[in-house]
Amino acid sequence: MQGGSTGIGYGLKYQARCISDVKADTDHTSFLAATLSLKEENEVHLIRLSSDGNELICEGLFSHPNEIWDLASCPFDQRIFSTVFSSGESYGAAVWQIPELYGQLNSPQLERIASLDGHDSKIRSVLWWPTGRHDKLISIDEQNLLLWSLDTSKKTAQVQTKESAGMLHYLSGGAWDPHDVNAVAITCDSSIQFWDLRSMTKTNSIEHAHVRNLDYDMKKKYTLVTADDEFGIHIWDTRMLNFPFLELPGHAHWTWTVKCNPEIEGLILSAGTDSAVNLWLASPPNGDHLTSESLESPTRQVDPLLNSYTDYEDSVYGLAWSSRQPWIFASLSYDGRVVVESVKSHLPRK
């Protein structure tokens, strides 16, 4: 099924790649979006959906000194978020706090809570524990995985452990398992690595997987969704990694990002450089009867594609589900266009 957008739009001033749901804001459906301008002062926008659901309102506009390549909202404090940024060849990462009186200030300045300065190579991503309060933070550069101890009240971050992935691997991002605080999956140039944070060791891997992004299903243990360069998305059972149990084509070019719904099992968004966003409902097989034989030939479900949003004018790099209203998502295309959509009409009726 294909269709044009019926969503609500909001325009950033510059090109952009990063958008994040503000999980800790339980009173509003809100998102943070960040720009990627080489020459201009970059901006972080705090965007809220109006109470009637018909308008996107800018509740805060904050200057940021560098190009923003990664942004993630703190899951337990709505005023805190992290960014990965660059200035020319120099890369950095920091945790920021929105000022309390931002609604009354003409030019509010973000407060830098902590700089994540323990990196030797290009920083790619910062990960927060996705469910509730946790005093640890993960940062990933091209060669290393760092585990930080973060104290937001004291505004400090200390490296707890640092481990190299090896010289032949170039890390690009990852996802923290919401069902296991000690497990993280990391994307590399030609594999996915699974790490145990207690020992900071690699426990398993999927080799020759050209993956740009991945996400865990919040409602289904052992389920990992990956965005693949040449195909679309794959869905894996992390207990059996020889084959994905589902292959879902549907993108005409690189699939750049995937996001699993926070409340609805198997509801997935994917987007990429074909200027499209796909909405999938892909239920995995019953885990109690899953065998290695059943995974040798990946299953193609009957029409798991619920809708394809195809009226974007540029590549779509950012996706974010609303934690407060899980039938709502926001997308961000490279031209700085934010679109918020409701998927209620596409969900099967119970």
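Between Ala252 and Glu230, what length comes free when the chain is fully extended (0.36 nm per residue of separation minus the Cα-Cα distance, one decimal in nm)?
Details: separation 22, 0.36 × 22 = 7.92 nm, distance 0.84 nm.
Result: 7.1 nm gained on full extension.
Taking the alpha-carbon distance from Lys219 and a cut-off under 24 Å, which lysines remain once sequence neighbours fewer than 8 residues away in the same chain are dropped?
Straight-distance partners of Lys219: Lys23, Lys136, Lys259, Lys344, Lys350.
Sticking with the crude label model, points 7 Å out along Cα→Cβ, report the distance from His346 to Ser87 in nm, one decimal please.
Each label point lies 7 Å from its Cα, and together they span 4.1 nm.
What percent antiparallel are the DSSP beta bridges of the chain, to the nearest 5? Present the calculation step by step, with values, prior to reporting the outcome.
On the way: 112 of 116 bridges.
Among the beta bridges of the chain, antiparallel pairing accounts for roughly 95 percent.
Under a cut-off of 16 Å between alpha-carbon atoms, report the aspartates and glutamates in cross-link reach of Lys220, not counting same-chain residues fewer than 8 places apart.
Asp177, Asp180, Asp237, Glu263, Glu265, Asp288
Given a Förster radius of 25 Å and the C-beta distance between Asp117 and Asn182 as r, what FRET efficiency does 1/(1 + (r/R0)^6) yield to the nearest 0.05? The partial results should precede the final answer.
On the way: r = 25 Å, r/R0 = 1.00.
E between Asp117 and Asn182, to the nearest 0.05, is 0.50.
Return the FRET efficiency for the residue pair Asp151, Cys58: r is the Cβ-Cβ distance, R0 is 35 Å, and the value is rounded to the nearest 0.05.
On the way: r = 31 Å, r/R0 = 0.88.
After rounding, the FRET efficiency stands at 0.70.
At what distance in nm do the modelled label points of Asp311 and Asn204 sit from each other, each positioned 7 Å from its Cα along Cα→Cβ?
Between Asp311 and Asn204, the label points sit 4.3 nm apart.
Is the chain rounded, prolate or oblate when judged by the Cα gyration tensor, a ≥ b ≥ c being the square roots of its eigenvalues, rounded requiring a/c under 1.5 and prolate requiring a/b larger than b/c?
On the way: a/c = 1.62, a/b = 1.14, b/c = 1.42.
The shape class here is oblate.
So how do 15-25, 47-57, 244-254 stack up, highest first, on mean other-Cβ count within 10 Å? List each step's numbers first, then the result.
Values: 15-25: 23.0, 47-57: 14.6, 244-254: 18.9.
Ranked by mean Cβ neighbours within 10 Å, highest first: 15-25, 244-254, 47-57.
Given Cβ point charges of +1 (Lys, Arg) and -1 (Asp, Glu) and nothing else, what value in debye, to the nearest 20, does the dipole of the range 41-175 about its Cα centre take? Write out the running numbers ahead of the final one.
Working: 10 positive and 18 negative charges, 81 e Å.
So the dipole magnitude of the range 41-175 works out to roughly 380 debye.
Quick one: Karplus J couplings for the range 39-53, per residue in order, coefficients 6.51, -1.76, 1.60, θ = phi - 60°, nearest Hz, x for Gly and Pro?
9, 9, 5, 7, 9, 10, 9, 9, 10, 10, 7, 4, 4, 8, x
Quick note: the coordinates plus some simple rules give every number you see, no bench work behind them. Please read all numbers here as calculations on a predicted model, not as lab measurements. FYI the Cβ positions are ideal-geometry reconstructions off the backbone, even for glycines, and counts take in every protein chain you see.
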